[in-house]
Structure formats: structure tokens, C-alpha cells
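A short write-up of the structure that comes next.
Values in this text are rule-based calculations from the coordinates and carry no lab data. Here the structure is a predicted model, which is why all the values come from computation and not from measurement. Quick reminder, even Gly has a Cβ in these numbers, built from the backbone with ideal geometry, and neighbours come from all protein chains shown.
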Amino acid sequence: MTGETLIGASIRIVELPKLGTATNSYGFYSISLAEGIYNMEVSYIGYTTFTKQIVVISDEKIAIDLTESNNLSEVVITSIRRNENVIKPQMGIEKLNIKDIQHIPVLFGEKDILKTLQLLPGIKSAGEGNSGFYVRGGATDQNLILLDEAPVYNASHLLGFFSTFNSDAIKDVTVYKGGMPAQYGGRLSSVLDIRMNDGNKKEATFEGGIGLISSRLKVEAPFIKDKSSFMISGRRTYADSFLAFAPDTSVRGSILYFYDLNAKANYQIDEKNVIYLSGYFGRDRLGLRDTFGFNWGNATGTLRWNHFYSNRLFSNTSLIMSKYDYTIENLQNGNEFAVNSSIKDFNLKHDFSLALNDKHDLKFGFDAIHHTIAPGQLTSPSTSSINAIKIENRSGLELAAYISDEAKVGDKLKLIYGLRLSSFSVLGGGNFKTFNNDGIQTSSTYYAKSDIVKTYLNLEPRFAASFQLDDSKSVKASYTRNVQNLHLMSNSIATSPTDLYIMNSLNTKPEIANQISFGYFNNFKENNYEFSAEVYYKSMSNQIEYRNGTDLRANQNVEADLIYGEGRAYGLELFFKKKYGRFNGWIGYTLSRSERTFDLINDGNWFTARQDRPHDISLVGIYKAGKRWVLSSTFVYSSGNAVTFPIAKYNLDGRTIFYYGERNGNRTADFHRLDLSATLEGKPGRKFKSSWNFSVYNAYNRNNPFSIEFRDNPDNRTQTQAVQTSLFGIIPSVTWNFKF
Amino acid sequence: MNKLYILFISLAIMLSSCDKVIDLKLKQMEPKIVIESVITDLNTRHTVIISTTTNFESTNGKVPVSKATVVLKAAGGTTINFTEQTPGNYVSSRYRGIPGEKYTLTVTVNDKSYSATSVMPLPVPIKSLDQIEISFLGNVRKVVQLNYNDPAGIVNFYNNRVFINNLKRANYYLESDRFNDGNEVKNTIYIDEPDLVTGDVVRVQMLTIDENVYKFLFSITQISGNGGPPTTPANPNSNFNNGALGYFSASTTSEATITIK
């Protein structure tokens, strides 16, 4: 018992099995019953099921404490097998259990929610070892990543190899691949809703770990027992510590590390009011002494107030800020300069949830976000030969209001239907230019700070339905429209800290996606096994690409180099999961395509998007061997990446130049990899718990293609050759974790 | 920057990255015409080189195109004819290009014409070429620094040709004044593989180029795989029309030489 609120715990009335509900993101639930005596059951994976007899005469508030069950003895607990996945109309949703994540093997033993997510059907890695991901054929910037409701603009460390989410500090992870409820908006492809731990309200606990790459420490404790508590969690890498031993002094002056700090505090003012304050701060730093410096990072802060108007009406009010920025410094004598760029949000959200009766659950609210993008400011000392340049800031105001109803129609049909009205106003304060199709400027108008340059208004219908065939089978359908007003400009296939965010403008219009999906859900053996099949089709408009040869560095007129087109993605996702027992795990298979069309690329014909990987298979197995060992393994297989190969070459100024064929018309070799992990838990029953995690990444040392380069053969300059680079061979790692 | 990127990744996670030569079945295409020509403000015989593309598996080098008609026209009215001297190499009579003049080069091969236009920028003289030393990851390396005054208020682009002991480096050393317009520019030219050693004679020929030529050459450096994260390669936009590849540049030149100490 920690006093931590649980998200998605299931509440069931034994006498009325059809009436189940689940706790919301703040641990709140509401259930309507006729007067009488009932047995209520509350269950949550990893916790002992709670049963209580309740006598219903009037509205009543029941707070429930669940006890954490010992991880390894869970097999003997006959807890309720949940079938929400079948009953609920929501589809395209995946939840990650934080307890599972710690056993799944990952690169360098750094457990990472973003990499574990990539093992689910429909979610693909943006590149090996990369925390960027593609959902249902969409780009990495089309994922809305929320940490305690604050958007995180660059969710990766060390040029993409680690995510910014220190899993010690994370309580719950939910990803929506489609059919997003109306309270979410702003990105085309997915919503990743991550909630931090609130902090132990009962007693002080310490948790940490020492790994190959980083060390972590988390402290949780009550300020006032049962009323107020805090959590603080930190992580820092130390790869650069080894540089201190380097033989030459200039290497010793190099820095290279990242750190994360997550903190959260809560205070229960009274029965009806709770406030939460949470924040994240992370930074990467790298530099070479007297030559070069580079740092980047995110900062987010969320202040939330939960208020219970009544047992049926719950509200959450959040004040949120988020900032991402980077600085590059050139320290070379005579050419010194620094480039600084940032994106900053201030956000007010007000959400209500109203349990109208046992047939209707309403959600409604509004959302206001003020965005400021500083695309780049170049500063230099007067002795430098580099001039100072300031590119105009851009700001925008994003407003949205939504309403959604989760309704039960008869015994078998359930619906979630809602509407989101969103607007985006481009705010003045600078010169706004328009460009024609050739990238030639056609107008330039100055707008004062108080002016609205342009407003885009969009209506986003959301609809999901489930029809229950019997207790363990259902069919579902959904339709979603999503609108995206911020766009990430990236020329490379890997994520880079210097990727540039732009917002809607006179030239760039909101990206819009329409997605329909259908699914079949079937649980077997008393919900021990889950099977689902979903098909989807998604069309995307106002997609953005660069013209050839665009120079992105501090480019005042980057919009002149943008071209706009359409996208489509479709596929089939199969998922089979064994949730309980000594052995659990899942198999996911995705068959999908993702394509784009731009007038200026590939003669306007549809071409394969870089997110396209037709076949994708993930296998995850976790086995509790004996009392103390947990063994696990993952295997992934996917089609190679869509890439562009040359179809000819020519010679210019003594150099070999390649002439490239159809955009993404070729494919690299297939990708596959096996990872293994073994965790030795400490002896049970002690206050001080420690565990050892041993893992092997790429167990059979497959050389998966990362990039293919074409060049002159260094041994015979009269010939050319193709060279494939593989990043990671077999990599063993070990981590020691403790908790007390 | 790209090199640093790779370096830091390698340091950061002690990559066990590995490279191997692979065999790919690449598609082929009908050969295209490739034209390469730089005319300058030097009183000299200018050249136009015409070749075709070849398959990836073919031997490197130019496949010459003979019997083409090559005509250079200045907007002021001057017309200069080129004659084929060796296969694929077409040479003019002596002519000094005029800064500020707009030139059109037209090449006709098998009744098909390809033309490109380039405006010769105003000349920018090199002030000096110096030797400096920089420390890069513990190695003290000898490099050269090119000093010149960038003309203020106008957009300038440069392509530096670097010769070491009279052997031309294949790299394009491109510069623009986007970040240093009107300044005393100290442009460090990195030369590696092999590094410069005492006694090397370094000659730098600074060519002013127009924006189209800069964009074309910049695109080439972007697709030439000099490390960094993989990008989607796209073919550079030639300033020739009708599908010819290559470029035509009217450039002023300035030269400086230094012997490495």
C-alpha cells in the first residue's frame, strides 16, 4: 500500500457482471446502482483483488486501498480476469504495465517505455535503438507525447538512443493508435499519455539502480501521512567519466552526458479537493574543449486541481508549461558563434467528467494553448567574423472545446461519440510571407503583435462502437478525425535535436487525418488469453516535405522550401496475448502500407513513405522460473526500410556522383533480432529488496542494416560499391536495482 | 558537424558498428547527358566537357559525347563557339569573362538542345592564405585559413578549388555569406586523408558562383554520404534544361598559394 492512485483499476459488482467500470487518470470512478446490498470487487494487475460488501441507500464515496501482491507469487492468486478489452468501445488502444517493462530486455539494460511500446502491433521503431516511433504509418512528430498532460517536444536523449522517460518515475502508459477520445487533440497519428508516480502517502521508500550507462535514484515519502506526499527521481549517464582517463588532454576536456529529473507532489486539501504539482527537467550536454558545445533538453511543469463537485461530477483543471530548446556553440577562435532555438507552450485545461446515470458517462471541457517558437537566433562576439542573425519568433493560439458521451445502448451495444472543435490562430508580430508553388515569394505583410494573421477552424468528430457477441467476443468500429497545427521539419531519418518545429502559417495549413478502423476481439479461457484483429485506413492531407537541396541552418525563409502533399496508410494488426500465469507474453503481427504523394516528387505519383514496413512481427515472452528468477526474451522481425538507391552515376569535377531512382523505391535487407534477459530478485520478505538484471541485446549478432552508402571503392578507384553500416552487434549488459 | 555527430555517437555508446560491402541488384536507366563547364574572368581558353551517365557497375570516369554543337552567348551580344579538341572536351578561343554579365551556354547533341544561364558575380579577391594549427581530439593538425573581405549588402557564394602539390582535391569547399555578409572572413579549410605535412604546396582557387550553382553543388555535398544521419537522397537540380545533368557556372577567380611549414 502506497497511497498511489491507480489508473484503470477495474471495479465490478459481482451481482451485476455487466456493470463494470474502471478508474480514470486520477484514480476516480463512479458507478450507479439501485438500492440494495452488493459485493464489489476491485482488481488491478499486480495487486491483490479487493472485495467488499456494500449497502447502497444513498450516494456514497468509497476509497479503496489495494495491496501490492508479491510479483513472483502472483501465479497462485486467482484474481478476476478482466475482459474490458472486449466490452469497451475504445479500440486502437494499448496499455503498458510498468511491472512488465522491467523484465523486457532492452539496449544497454536501460528500461525504456518508448522502446517497449515499439513491440506492440502498429507501432514501429523509427530506427534501430531509436526511441522515435511511427504509429500506423505516421511520422514521429505525429505522436502527441504527454507527460502528466504536458507535451514533450523531443522525447529522446543522446541523438535518439534513449527516451526522456525514466521508467522509475512512471506510473501508467496508455497509447491510442486510433479512435482517440475527444479530450485529446493536436496530433495526427497517436496519443501517448504518460502519468508520473504521485509519491508514497504511507511511508518513505527509496529505489534506484546502477547500470552500464546510467544510475538512478528515486525517493518517495509522505509530507503528511495519507494527505500529502512527494516523489523525486533522477537519472544521469556517465559515459564521459571514462574520458577523464583518456591519455590526451583535449579529449579529457570533452563532455557528454544527459540527466533527467522528475518530481511530483500532491496535497489532499479535503475530501473534495486534491492538488498536484509535477515537473520534468532533462538535458543533454556534449562538447569538445575549445571547439564545440551542444546542449538540448525539455522542461515541463503541471499544476493540477482535482475537484469533486459531487459523487457524479468530477473536474480536473491543469496549468501546464512545456519548453524545448537547444544551443550550439562554436568556440573556434575568430569564428565564434552560438545558435539558440526553442519552442514554448503555456496551456490551460479544464475537464469535466459526469456520470449522468448508468447509461451515460459524459466528458467535456476546453483546452487553450499558447505556443511560441523561436526558430533560431545566432549570436556572436564582436571579434567574430560571424554576424548575429535573429529569425522572427512565431506564436500561435490553439483553442479547443470537446464533449463526448460513453453510452450503453441495450445490453450489447456501447458507444463513445464526441465532437472536438479546434481552432488555431497564427498571431502577429513580424513579417508574414506567401510563396508560390516554385518557392518564389509573392507577398510580405507586417502584422503587429496584437493582430491575428489567420485562423484555422476544424471540427473533429470522434466515434467508437462495440457490439458484444457474447461474454468473450465483440466487434468494434471507430472513426476519428485529427488535426495537427505544429509540424516538425526533419531531413534525416533519425531524430535530431536540431529538428525544427514550425506552426501553421499563411502557407502551411493544418495537417488533417481521417481514420476508420474495424476490429474483432476475442478472449479465451476465462480471459486468460486475449486475441484481437484490427484493420484501419487513414488518409492524411497537408503533409510536408522539403524541396531538394534545402539548407535548414538558420533559414529565414524555410517555408519557401516546403512542399505539400497527401498521405495514406492502411493495415491489419493481429495481437495475441497471454496475460496471466507463470508464463506470459504476446505475439503481434502487422501487415501495413504507408504512402505519400507530392507534385514535385516522383512525378506526382504515389511513393512509399519512409514509415512503410509491410511486415512486422514482435514476440515477447516472460517466464517466472522458480521463486527468484524471471527470464524474458523478445524477438522482432520486420521488412527492411524503404530507401532510395542510385540507378546510374556520372562524373563531375573528378568526383563520382550518383543519380538516384524512384523515391523510396528500394528496400534494405530484412531486420531481425533476438534479445534475452534474466532478472534475479532478492530474497522475498525483506525490507531491503535488490535485484540483478542481466541482458543480451542482439543475441545472435545479426548485422542489421542502419544505412547504405554508395562510394568509390577505396582499393580500386575505378569502381563503385555499396557499403552497409550496422550499428549494434551483440551487447551484454548488467544492472543492479534496489528498493527499501 | 557530421563528423562530430558520428564521433559523439561512437564515444557515447561505444558502438560495435560494422561496415560491409554488399551486393545490390540496382535498376538501370537510359543514359543522360552530363555537361560540366566553368567559364571565368581569366583571359584563357574555356572548356565544356560533355559526357553521359553510366550504370553503377561500370568503370568510373567520363563517357565522352562527341560531335556536339557548343555555343556561349553573352547578354551583351558576344557569341563564342567551342570546338571539340579531344573526345567530349570542347574548347573556346581566348576570352575574358565580364563580371556582371549574363551568359547562356547551349549544347546541342543529336538535334536536342540543352541550355543553362549563369550570371558572373563581381570579383572578390583573396587577401591572404595562412597556415594555422587546430587541435582536434588530441591531434594537432595543420590546416589553411583563407582570408577575404566579403562585399557587404550583396549575396555571395563561393566554391573553393583546393590543389595540393598541384593535385586537385575532388571535394567542393562551398561557402555562402549568409552568416558573415560584409565581414573580414577567416575561412578554415579542413584537409584530411592525408593530413597536410611540412613542404606541401597548397593552392586555393576561390571561384565566385551564382545562387543556382551554389544550390546545385550544395545538393551534391548532401547526397554524397559524408557521414551523419542518413537522409533521403534527391537528385540535385541542374541549371541545364531538358533533363541534362551537371552545371554551367560563370565565375570570377582569385588564387593564393602557401607552402606548409
Once a ≥ b ≥ c are taken as the square roots of the eigenvalues of the Cα gyration tensor of the range B:137-222, is the result rounded (a/c under 1.5), prolate (a/b larger than b/c) or oblate (a/b not larger than b/c)?
-> prolate
Each residue of A:377-386 has, on average, a number of other protein chain C-beta atoms within 10 Å of its C-beta equal to 2
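Whole number please: convex hull volume per residue of the Cα set in the range A:134-739, in Å³? Write out the running numbers ahead of the final one.
On the way: hull volume 122.3 nm³, N = 606.
Enclosed volume per residue, from the Cα hull, is 202 Å³.
Evaluate E = 1/(1 + (r/R0)^6) for A:Asn437 and A:Lys202, where r is the Cβ-Cβ distance and R0 equals 56 Å; express this FRET efficiency to the nearest 0.05. Could the numbers behind the result be given before it?
Details: r = 64 Å, r/R0 = 1.15.
The calculated FRET efficiency here is 0.30.
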Residue-wise HN-Hα coupling along the range B:192-207, computed from phi with Karplus coefficients 6.51, -1.76, 1.60 (Hz; x: Gly, Pro) = 9, 6, x, 5, 6, 10, 3, x, 5, 9, 9, 10, 10, 10, 8, 9
Estimated inter-spin distance, B:Ile164 and B:Cys18, nm [label 7 Å along Cα→Cβ] | 3.1
Looking at the range A:517-547, which GluC sites (Glu not before Pro) are in a loop (DSSP not H, G, I, E or B) and have at most 14 other Cβ atoms within 10 Å?
-> A:Glu526
For the range A:391-401, Karplus-derived ³J(HN,Hα) couplings (6.51, -1.76, 1.60; θ = phi - 60°; whole Hz; x for glycine and proline) come out as 8, 3, 5, 10, 10, x, 10, 10, 10, 8, 10
For B:Phe216, net neighbour charge (Lys/Arg +1, Asp/Glu -1) across residues whose Cβ lies under 12 Å away = -3
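Given Cα positions, please report Rg to Rh for the range A:487-544, the hydrodynamic radius being the Kirkwood one. Mind dumping the intermediate values first?
On the way: Rg = 19.1 Å, Rh = 15.3 Å.
Result for the range A:487-544 is an Rg/Rh of 1.25.
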Kirkwood hydrodynamic radius of the range A:149-194, Cα pairs, Å = 12.1
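So for each of A:463-476, B:206-219, A:114-127, B:18-31 I average, over its residues, the number of other beta carbons within 10 Å; can you give me the resulting order with the highest mean first? Present the calculation step by step, with values, prior to reporting the outcome.
Values: A:463-476: 19.0, B:206-219: 22.1, A:114-127: 23.6, B:18-31: 12.2.
By packing density, highest mean first, the sequence is A:114-127, B:206-219, A:463-476, B:18-31.
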Counting partner chain Cβ atoms within 10 Å of every residue's Cβ in A:702-709, what's the average?
-> 4
By a straight-distance test (C-alpha under 14 Å), which aspartates and glutamates pair with A:Lys624 as possible cross-link partners, with residues fewer than eight away in the same chain excluded?
-> A:Glu74, A:Asp100, A:Glu681
Have a look at B:Ser176, B:Ser135, B:Ser238 and tell me which one the Gaussian network model of chain B (Cα, springs below 10 Å) gives the largest fluctuation.
-> B:Ser135
Amide hydrogen neighbours beyond the local backbone of A:Glu662, cut-off 5 Å, H modeled | none
Among the lysines, which fall within straight-line cross-link reach of A:Lys218, defined as a Cα-Cα distance under 17 Å, with same-chain neighbours fewer than 8 residues apart omitted?
-> A:Lys99, A:Lys111, A:Lys171, A:Lys201, A:Lys202, A:Lys264, A:Lys687, A:Lys689, A:Lys739
Ordered by residue, what ³J(HN,Hα) values in Hz, to whole numbers, does the range A:708-713 give under the Karplus form 6.51 cos²θ - 1.76 cosθ + 1.60, where θ = phi - 60° and Gly and Pro are x?
-> 10, 10, 10, 7, 5, 5
By a straight-distance test (C-alpha under 25 Å), which lysines pair with B:Lys112 as possible cross-link partners, with residues fewer than eight away in the same chain excluded?
-> A:Lys649, B:Lys32, B:Lys62, B:Lys67, B:Lys73, B:Lys102
How would you classify the range A:363-438 from its alpha-carbon gyration tensor, with a ≥ b ≥ c the square roots of the eigenvalues: rounded for a/c under 1.5, else prolate if a/b is greater than b/c, otherwise oblate?
-> prolate
Which value, in debye to the nearest 20, describes the size of the charge dipole of the protein assembly as shown about its Cα centre when Lys and Arg Cβ atoms bear +1, Asp and Glu Cβ atoms bear -1, and nothing else is charged?
-> 1360
Expressed as a percent, the portion of alpha-carbon pairs in chain B spaced more than 31 Å apart is 35
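Using Cα-Cα distances under 8 Å and only pairs 6 or more residues apart, what relative contact order does chain A have, in percent? Display every interim value, and only then the final one.
On the way: 2055 pairs, mean separation 77.1, N = 740.
It rounds to 10 percent for chain A.
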Computed curve, the range A:589-740, Cα-only Debye sum without solvent term, log₁₀ I(q)/I(0) at 0.10, 0.14 Å⁻¹, is -0.59, -0.87
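Indicate the gyration tensor shape class of the range B:50-111 (rounded, prolate or oblate), computed on the Cα atoms with a ≥ b ≥ c the square roots of the eigenvalues: a/c under 1.5 is rounded; otherwise a/b larger than b/c is prolate and the rest oblate. Show your work: numbers first, answer last.
Working: a/c = 2.44, a/b = 2.22, b/c = 1.10.
Note, shape of the range B:50-111 comes out prolate.
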Scattering from the C-alpha atoms of the range A:574-678 alone, worked out with Debye: what is log10 I(q)/I(0) at q = 0.17, 0.20, 0.24 1/Å?
-> -0.87, -1.02, -1.19
